[in-house]
Amino acid sequence: MTDTTAVDVDALLAEIFLTPEGKSDPYPRYAAIRERAPVFRSGLGFVVVARYDDCQLVLRDPRFGKGEGGPIWETYGLTEAEWRARFPDLEAQSRSMLGLDPPDHTRLRRLVAKAFTPRTVENLRPKIVRLTDELLDEMHGAVDVISALALPLPMAVIGEMLGIPASERAALQPHVRAAAQMLEFDPSLELVDAASSANDVIVEHLEVLIAERRAEPTDDLLSELIHVEEQGDQLSHTELIATVMLLFGAGFETTTNLIGNGLLALLDHPDELRRLRDDRSLMKTAIEELLRWDSPVQIDGRMVFEDVDLHGESVAAGEQFVTLLGAANRDPRMFDEPDRFDVGRVGPAPMSFGAGIHFCLGAALARAEGHVVFDRLLDRFSIIEPAWGDTRPVYRDTIVLHGLESLPVRVG
Ligand code: HEM
């Protein structure tokens with residue numbers, strides 16, 4: 001049962017979402033929420049769950065889903081006509097699998113799932129190594145790991161898979177970043193404006209690329225999807241654009257944050273970094289621990305389709321649930337001594353990739369990228385140390401995505 005008198009959950013959430021201290025260390029605040037108010041009706045109009053089992057339930061149980069999401073324009077006090085006139089291209093983003101329930105979700109996910117199986121990803125590994133090494137070649141002395149490695153690598157990998165030329169990727173990077181703001185919690189109208197303009201630029205680039213591939217197909221994922229679209233009944237043109245945009249965007253800042261937050265965690269725990277350097281067979285458990293310790297995505301959520309009762313709290317059909325993945329990852333009911341960082345930890349998988357039918361499609365790819373990056377970093381540099389002096393690296397001003405602005409280190 002929720003003990004709301006003992007802890008002001010909304011005040012804690014405001015600290016976690018909005019203050020630099022809360023962003024850099026949300027975990028004690030999450031613990032207070034998780035232990036005292038496992039189900040909490042926020043004054044902001046949603047229901048918050050923080051325990052591992054409850055997050056699993058919300059993300060897996062078919063009584064929960066994405067829903068229609070309600071008319072988004074109402075959130076901003078606009079009419080539908082005003083919304084559509086202002087943001088004509090945002091429709092494409094909402095037609096991706098990420099925002100849909102079955103059967104549309106099932107159809108769209110099936111079309112690309114085979115490109116992301118563990119086996120396909122294993123075959124990509126030499127390419128990931130090559131792309132990582134190219135970036136490491138440019139790293140000397142004091143460098144910002146975010147801009148030198150963590151941002152460009154995931155984009156290079158998915159760019160190669162999709163068939164988006166290297167020259168285009170760099171140009172698209174800031175636009176993909178701006179468009180990803182639509183994944184944020186309650187984006188302001190200014191952010192929606194910026195995301196919408198970024199969206200227009202990306203769609204324009206993609207349309208040119210699609211026309212080229214249509215005329216002259218190659219063996220990339222884009223050509224494959226165009227082929228499916230041409231069959232007529234599996235993939236509309238809007239869905240083709242939505243899928244490519246999702247794949248291009250979804251793995252980008254998330255994997256960036258795995259690399260950035262992960263390296264920060266290792267630098268904060270030099271004994272564990274040394275242990276991993278000396279025993280690379282720990283790399284597999286280490287990547288899971290990095291994902292668990294400071295999750296690249298902190299928040300997920302669903303709408304509930306039926307009335308439910310959770311820990312004695314009645315929630316009506318149509319209400320929105322927020323799942324605190326970062327809190328679930330430190331739940332002592334699932335993880336022994338959850339606040340101990342241990343690269344050899346064995347136990348349940350962290351919730352960083354979500355759960356249920358929307359479980360991250362790119363999980364195997366992200367894990368492989370993490371594995372290669374940390375392995376090659378340790379192979380290449382015998383010294384990796386903090387270079388941020390007295391000012392600790394700060395987190396970006398985002399709520400759903402959780403990652404560093406920059407991470408200055410010295411390598412040698
Ligand atoms: C460490 C890196 C990553 C993290 C933490 C992460 C996290 C997540 C999470 C939490 C979800 C579930 C969203 C929901 O429940 O609504 C998700 C979905 C998804 N992710 Fe990832 N992701 C990562 C990397 C990637 C990569 C590399 C790709 C591939 C390009 C990718 C593609 C996707 C797609 C397509 C979905 C939607 C799946 C669906 O709706 O069925 N992700 N990701």
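Brief remarks on what is shown
- Segment 311-412 shape via C-alpha gyration tensor axes, a/c threshold 1.5: prolate
- Residue 404 long-range amide H proximity, modeled H, under 5 Å: 261, 396
- For the chain, the tally of Lys pairs with Cα-Cα distances below 26 Å comes to 4, considering only residues 8 or more apart or on different chains.
- Mean shadow area of segment 183-274 over all directions, Cα convex hull, nm²: 9.4
- Build a GNM of the chain with springs between Cα atoms under 10 Å apart, and of 289, 369, 337 the one that fluctuates most is 337.
- Model label points for residue 120 and residue 340, set 7 angstrom from Cα along the Cα-to-Cβ axis, are 4.0 nm apart.
- Among 189, 44, 100: highest mean-square fluctuation, GNM of the chain, C-alpha pairs under 10 Å: 44
- In sequence order, segment 245-262 has phi-based couplings of 5, 5, 4, 5, x, 5, x, 8, 6, 5, 5, 3, 6, 4, 5, x, 5, x Hz under the Karplus curve 6.51 cos²θ - 1.76 cosθ + 1.60, θ = phi - 60°, and Gly or Pro positions carry x.
- A straight line joining the Cα centroids of segment 147-169 and segment 94-110 runs 25 Å.
- Computed E for residue 168/residue 309 - FRET, C-beta separation, R0 45 angstrom, nearest 0.05: 0.35
- If a spin label sat at a point 7 angstrom from the Cα of residue 63 along the line to its beta carbon, the backbone N atoms of segment 303-341 nearer than 19 Å would be those of 303-324.
- Local net charge near residue 255, Cβ-Cβ under 11 Å (Lys/Arg +1, Asp/Glu -1): -1
- In sequence order, calculated HN-Hα J values of segment 200-211 (Karplus, 6.51, -1.76, 1.60; Hz; x Gly/Pro): 4, 5, 5, 4, 4, 4, 5, 4, 5, 4, 5, 4
Taken together, the values in this text are just the output of simple stated rules run on the coordinates, not laboratory data. Note that the structure is predicted; figures quoted are calculated from it, not measured. Don't worry about glycine lacking a Cβ; one is built from the backbone with ideal geometry, like all the others, and counts go over all protein chains shown.
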